[in-house]
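**Q** I have a structure here, written as structure tokens, and I will follow up with some questions on it.
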Amino acid sequence: MNKVALITGASRGIGKQIAITLAKEGYNISLNCRKQNEDVQKTKEELESYNVKCLIVEGDVSKFEDAERITKETIEEFERIDVLVNNAGITKDMLLLRMKEEDFRNVIDVNLCGTFNMSKNVSSYMMKARSGRIINIASVVGISGNAGQSNYAASKAGIIGFTKSLAKELASRNILVNAIAPGFIETDMTNVLKDDVKDKILEQIPLRREGTAEDVANIVKFLASDDSKYITGQVINVDGGMLM
Ligand code: NAI
């Protein structure tokens, strides 16, 4: 029986690449996206070309009832969830003085509460199975902070604290919980940045390049695998040396 990975926000970017990388490893994929579109269908076809099954589950992770349904539909289809990747995330960058309360809450709701909503629902199945991996996509700014991203950095710092707490709670059930903190990764999220902003960021990266979604997905593959069975409660930076 193939193992099953549930990946949130996998319609594009890092989440989509994680789905592809894990499908190549033989995982059946439960692919969460907010709304289905042609691209998601194409991704499903690509995943199935690796001889695995793919279920597309629409839903907004910031809503607890959606998280409950996403989990239930995955279990109905595959009868197990071995790996949960909390990848869905948004930014609404603004300096504090101009940041609307709604934009602060929104980012916390999706990034942090979404991670809670999914982990709470999925971990109850993992506890029964006495095995599982939860991999949370945080960010280096959750460690370093970043001007203009107080909402986003707070959500990602929250994810790191959440990861360590869950790791302690769930270790006795053989559920390992880790976070990945990507630095500057080339996706639609970072493509919106102006060239001068990008250049300034690149100056702070010893490897002098943006990371790729694959750079992140490869660490997810490692954290999902048996090779990492003695690692829990850790944050692994994937950032070209940006933060040391
Ligand atoms: P992206 O914007 O390309 O992808 C984000 C995905 O999350 C999209 O598919 C979007 O539809 C989905 N999503 C957003 N809100 C959702 C919701 N409420 N429910 C379900 N899905 C939702 O961004 P990217 O770059 O692929 O980011 C993926 C993760 O990596 C995010 O958590 C992001 O914060 C994190 N990250 C990205 C970095 C980068 O440089 N690109 C750096 C550090 C962290």
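**Q** Identify the single condition in (1) within 22 Å of Ile137 (Cβ to Cβ); (2) among the polar types (S, T, N, Q); (3) more than 10 Å from the ligand (Cβ to nearest atom) that Thr8 does not satisfy, given that it satisfies every other one.
**A** Against the list (1) within 22 Å of Ile137 (Cβ to Cβ); (2) among the polar types (S, T, N, Q); (3) more than 10 Å from the ligand (Cβ to nearest atom), Thr8 comes up short only on (3).
**Q** Further, regarding this structure: Restricting the stretch 145-182 to residues that are within 10 Å of the ligand (Cβ to nearest atom), touching a strand residue (DSSP E or B) at 6+ places or on another chain (Cβ under 6 Å) and touching a residue at least 60 places away in the same chain (Cβ under 8 Å), which is farthest from Met244 (Cα to Cα)?
**A** Here the answer is Ile159.
**Q** Can you tell me which residue in the stretch 100-137 is nearest to the ligand (Cβ to nearest atom), limited to those that are farther than 14 Å from Thr8 by Cβ and hydrophobic (A, V, I, L, M, F, W, C)?
**A** Val107
**Q** If only one of Lys221, Lys229, Lys194 is crowded, with 17+ Cβ neighbours inside 10 Å and basic (Lys, Arg), which one is it?
**A** Only one candidate qualifies: Lys221.
**Q** Here's a follow-up. Say whether the condition of being within 13 Å of the chain's Cα centre (by Cα) and within 19 Å of Asn146 (Cβ to Cβ) is met by at least one residue in the stretch 88-101.
**A** The answer is yes, given that some residue of the stretch 88-101 is within 13 Å of the chain's Cα centre (by Cα) and within 19 Å of Asn146 (Cβ to Cβ).
**Q** Give the residue that is nearest to Leu170 (Cα to Cα), with candidates limited to residues of the stretch 68-112 that are assigned to a helix (DSSP H, G or I) and in contact (Cβ under 8 Å) with a residue 60 or more places away in the chain.
**A** Across the stretch 68-112, the extreme among qualifying residues is Thr71.
**Q** On to the next question. Might you let me know whether the stretch 27-47 holds any residue that is within 16 Å of the ligand (Cβ to nearest atom), out of contact with any Ser or Thr (no Cβ under 9 Å at 6 or more places or on another chain), part of a loop (DSSP other than H, G, I, E, B) and over 22 Å from Asn174 (Cβ atoms)?
**A** no
**Q** Still on this structure, I have one more. Take the residues in the stretch 197-206 that are within 28 Å of Gly161 (Cβ to Cβ) and within 14 Å of the ligand (Cβ to nearest atom), then tell me which one is surrounded by the most Cβ atoms within 10 Å (Cβ to Cβ).
**A** The residue in question is Ile205.
One line per residue, one yes/no per condition, for (1) in contact with a Gly (Cβ under 8 Å, 6 or more places away or on another chain); (2) charged (D, E, K, R):
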| residue | (1), (2) |
| --- | --- |
| Arg80 | no, yes |
| Val83 | yes, no |
| Ile135 | no, no |
| Val141 | no, no |
| Gly161 | no, no |
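**Q** May I pose another question? Every residue in the stretch 199-225 that is touching a Phe, Trp or Tyr at 6+ places or on another chain (Cβ under 8 Å) and in a helix (DSSP H, G or I), please.
**A** Ile201, Leu202, Ala224
Just so you know, all these numbers are worked out from the coordinates, no wet-lab data involved. On a predicted model such as this, the values are computed, not experimentally measured, just so you know. Cβ coordinates were reconstructed from backbone atoms using ideal geometry, including for glycine residues, and neighbour counts include every protein chain displayed.
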